[in-house]
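As structure tokens, the structure follows; a few thoughts come after it.
The values are calculated or read from the model by the stated rules, or taken from the named source; none is laboratory data. Small disclaimer: the values here were computed from a predicted structure and weren't measured. As a convention, Cβ positions derive from the backbone with ideal geometry for all residues, glycine included, and neighbour counts pool all protein chains shown. These accessible areas exclude ligands, DNA and RNA; they are computed on the full protein's heavy atoms, side chains included. Shrake-Rupley method; radii C 1.70, N 1.55, O 1.52, S 1.80 Å.
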Amino acid sequence: MTSAIVVSGLHKSYGSTHALDGLDLEVATGEVHGFLGPNGAGKSTTIRVLLGLLKADEGEASLLGGDPWQDAAKLHRRLAYVPGDVNLWPNLTGGEVIDLLGRLRGGLDPKKRDDLLRRFDLDPTKKGRTYSKGNRQKVALVAALASDVELLILDEPTSGLDPLMEEVFRQFIEEERHRDRTVLLSSHILSEVEALCDRISIIRRGKVVETGTLADLRHLTRTSIQAELAAAPNGIANLPGVHSLEIEGNRVRCEVDTAQLDALMKQLAASGIKSLVAQPPTLEELFLRHYEDDTVAAEPLAATR
Amino acid sequence: MKDFAGTATLVRLALRRDRIMLPVWIVVFVSMAAGSAKASIDLYPDVASRVEAANTTNSSPALVSLYGRIFDPTSLGEVSLFKLTSFGALLVALLAAIVVVRHTRGEEESGRLELLSAGVLGRYASLTAALIVSAGTVIVMGLLTALSLIGTGLPASGSFAFGLTWAAAGLTFAGVGAVTAQLTEGARTANGLTAVVLGVSYVLRALGDSASDGGARWISWLSPIGWAQQIRPFAGDRWIVALLPLALMVVLVAAAFALVRRRDVGAGLVRPRPGPATASPSLRSPLALAWRLQRGSLYAWGFAFLLLGFIVGNIASNVDGFVSSDSAKELVEKLGGVNGITDAFLSAEMGMLGLLASAFGIQAALRLRSEETALRAEPLLATGVTRVQWMASHVLMALLGTAVLVLVGGLGSGISSGASLGNMGRQVPRMLAAAAVQLPAIWVVTGLVVILFGFAPKLVTAAWVLFGAFLLIGQFGPIFDLPQGLMNVSPYAHTPRLPGGDFSATPVILVSAIAALLLAAGFTGFRRRDVG
């Protein structure tokens, strides 16, 4: 499988702030890749480097097999980009902007354009200055999704959309996936990424701290367990990877590293399980684990793979 | 009172944002008045010379319509400053209105006001603060202008009346800006509307002033600029007339407040019309977009240049009579003319058109930066458009736009001066050539914007400062006998004095080469730097 985007050891500083601090990222061709992190983590900076708008201080980046800085315009014909902040020309209509951006990219599919306008419920005759943030974003989304390109780079594309429109957006991304288009979707909305993405990279302070499929990443997190046993539990406290253990008579409550789940189950089963509740980890937990101690400047965890 | 909550904070915010712009403008206006007075006072040592100059001015309808009538031919102050009375009032009025629109509609359009409105901010706070800042600026400007005129030795009463003339026009048009800011959703459109009102006011005044003795002089009294002028500084100092523009300001401000109450934040009273749902087939390149964005401004400037050209050419036929005194002839020749007063006048005025066109060029090239900071360049540069193509689109608008402007001005002045001198066939090509030789210096200034944009984008507005410096060197250098080496720094110093003067190709080629170098360097810089 080839990679649409390969980035390694990317550094970018603005004065004394390090926006990117050795970032690695790989997006396989045909996958929907979630690029997850809070505001200011470096998502937009990475995307701008990939678009050749910023020049990296250090590191390698390859986009669709080319150099994003050297071959910018040539590569851009094969991709479409939706910025996080969409600003339109005040006296051009939405329809004009969609057509202009499409033509500069090498053409639009008019049928797809109409379909998108209808499903996003966007009026293309309004002037740029009269659109709300959500509608400006729709203009950029229609222009991007109606283009016949190999790669979509979307920077927090749903941040101004209402839940109904978010759903429409998800349907379109599902369709894109079936057409084997590659999508880099930056977001801080976990449910969106969880629902749409094949693989995820979590970025924190200019570095990717986790990357993999959702299943891979879940593996890293803790499952919370509540069990009622036939007899008093035994030896659980000595198992590796068991946290926040509470034992009341025959009841056990704990959190266990997903990797150690099997060992814990065996130990519990030895005492006879009467009832068991296991809550799978959510992406949110994984995310919080990386960010809750941000102020303490915790060490980034070892990446999987 | 809660409708006004937060006004003081907004005033401080506005002063913080304009802490450079407003003082610079005040200094420019004050020194323009004082400099002009100082330079002219020596030209008219006695009453006879003043009466002569004033009578020739008053007998030329073109001059009267441009600057207004001289009411008291014996008054040193009026004869020295008549060119700045209503013309200066026009500029002060423009500034006052722009300041109001900038801090009301401009803030609203950008969405920043909404951010603040969510805090403790009364609905009238933004308009009140903008009016306070604008009115404060023109009042300070009026006072300092008066003091500086007294400093040049002119009578105190007349000096204050002159300051009041400017301030009154400024206050009225602060009111006009307050109203137009409520009408439209875009600050540019609001400024455009203000400019129309201002233009109509100036034209009404010009029509009334140039009417014959028994004619329709009352038309001037329909114009706020006419009222300001009728205060007649140094010629009677009719303070009472100032009540008219002040009363109009009160009415306009009251209207603006009433309008604020009737509309939503962000909305205008004039609903924008829907436009086409698809782009026209020609909108398919960055240049087509740049043309679309800038054509409105180019049309307006082009019309103004054609008009200016006609006026200049028309005045040229009267110049011989106008500067009949020796000292005035000397002055015109000092201002850049050679061989014949008419040619000298035309060549000086073409120089003025060149300066004005440079301002268009700066503004057009600065679009690069405003598009970049508004994040509108980014989506374009993320398509198949190269950086050079995108940058070239707006640079071409600046280069070709300035060329169109000076040539249109040259054509207008060639036709009207040719018609009144009776040699159209000769005069039109001469004036077109005089227009064309302005271009290298204009393009150097455009090149300065471009090179700053390429290497120091945050400093790109410094191009205005450099342009202002060239302007000052050119206007005051000969009067204050600055060393030639310093004056040669200005690209305008090397423009051949056409029509009439000697044409030598060397400076034209050299200045053009400098412009080309600046442009090329700017493109190289932009290709290498970060966008955003």
>> Being at positive phi and more than 14 Å from chain B (Cβ to nearest Cβ): is that true of A:GLY15 here?
In response: no
>> Every residue in the range A:238-281 that is surrounded by 14 or more Cβ atoms within 10 Å (Cβ to Cβ) and in contact (Cβ under 8 Å) with a residue 60 or more places away in the chain, please.
In response: A:PRO281
> Any idea which of (1) away from chain B (no Cβ under 12 Å); (2) open to solvent by 10 Å² or more (accessible area, probe 1.4 Å); (3) outside any helix (DSSP H, G or I); (4) of a type in the set (Gly, Ala, Ser) is the one A:SER186 doesn't satisfy?
Replying inline: (2)
> Which residues, taken from the range B:210-224, are within 19 Å of B:ASN314 (Cβ to Cβ) and not in a loop (DSSP other than H, G, I, E, B)?
Replying inline: B:SER210
> Quick check: anything in the range B:164-171 more than 20 Å from the chain's Cα centre (by Cα), assigned to a helix (DSSP H, G or I) and within 24 Å of B:LEU222 (Cα to Cα)?
Replying inline: yes
> Regarding B:ARG217, is this residue out of contact with any strand residue (DSSP E or B) (no Cβ under 6 Å at 6 or more places or on another chain), at pLDDT 90 or above and among the basic types (Lys, Arg)?
Replying inline: no
>> Exactly one condition in (1) within 25 Å of B:SER282 (Cα to Cα); (2) out of contact with any Ser or Thr (no Cβ under 6 Å at 6 or more places or on another chain); (3) surrounded by fewer than 19 Cβ atoms within 10 Å (Cβ to Cβ) is false for A:GLY134; which is it?
In response: (1)
>> Given the options B:LEU248, B:LEU193, name the one that is surrounded by 18 or more Cβ atoms within 10 Å (Cβ to Cβ), under 30 Å from B:GLY296 (Cβ atoms) and without any contact (Cβ under 8 Å) to a residue 40 or more places away in the chain.
In response: B:LEU193
> On the given criteria, is B:ALA37 out of contact with any Pro (no Cβ under 6 Å at 6 or more places or on another chain), assigned to a helix (DSSP H, G or I) and not assigned by TED's automatic domain parsing to the domain that holds B:ILE473?
Replying inline: yes
> Hey, among A:VAL142, A:VAL82, A:VAL149, which residue is open to solvent by less than 60 Å² (accessible area, probe 1.4 Å), touching an Asp or Glu at 6+ places or on another chain (Cβ under 9 Å) and either more than 10 Å from chain B (Cβ to nearest Cβ) or within 28 Å of A:GLY42 (Cα to Cα) (or both)?
Replying inline: A:VAL82
>> Looking only at the range A:20-59, count every residue that is open to solvent by 10 Å² or more (accessible area, probe 1.4 Å), assigned to a loop (DSSP other than H, G, I, E, B), within 14 Å of chain B (Cβ to nearest Cβ) and out of contact with any strand residue (DSSP E or B) (no Cβ under 7 Å at 6 or more places or on another chain) and tell me the total.
In response: 1
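Here is a check on your reading of the model: is B:LEU90 over 29 Å from B:ARG205 (Cα atoms), open to solvent by 20 Å² or more (accessible area, probe 1.4 Å), in contact (Cβ under 8 Å) with a residue 40 or more places away in the chain and out of contact with any Cys (no Cβ under 7 Å at 6 or more places or on another chain)?
no
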> For the range B:27-65, how many residues meet the condition of being farther than 22 Å from B:ASP481 by Cβ and of a type in the set (Phe, Trp, Tyr)?
Replying inline: 1
> Within the group B:SER393, B:SER358, which residue is assigned to a helix (DSSP H, G or I), open to solvent by less than 10 Å² (accessible area, probe 1.4 Å) and farther than 30 Å from A:ALA143 by Cα?
Replying inline: B:SER358
>> Can you pull out every residue in the range B:94-111 that is charged (D, E, K, R) and at pLDDT 90 or above?
In response: B:ARG102
>> Among the residues of the range B:134-153, what is the count of those that are open to solvent by 10 Å² or more (accessible area, probe 1.4 Å) and of a type in the set (A, V, I, L, M)?
In response: 7
> Considering only the range B:257-276, how many residues are at pLDDT 85 or above, open to solvent by 40 Å² or more (accessible area, probe 1.4 Å) and within 12 Å of chain A (Cβ to nearest Cβ)?
Replying inline: 2
>> Here is a check on your reading of the model: is A:LEU75 free of Cβ contacts under 8 Å to residues at least 40 places away in the same chain and either out of contact with any helix residue (DSSP H, G or I) (no Cβ under 6 Å at 6 or more places or on another chain) or at the interface with chain B (Cβ under 8 Å from one of its Cβ atoms) (or both)?
In response: yes
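Quick grid of which residues meet (1) open to solvent by 50 Å² or more (accessible area, probe 1.4 Å); (2) modelled with pLDDT of 70 or more; (3) within 21 Å of B:VAL465 (Cα to Cα):
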{"residue": "B:PHE305", "(1), (2), (3)": "no, yes, no"}
{"residue": "B:VAL312", "(1), (2), (3)": "no, yes, no"}
{"residue": "B:GLY321", "(1), (2), (3)": "no, no, no"}
{"residue": "B:LYS334", "(1), (2), (3)": "yes, no, no"}
{"residue": "B:GLN363", "(1), (2), (3)": "yes, yes, yes"}
{"residue": "B:SER370", "(1), (2), (3)": "no, yes, yes"}
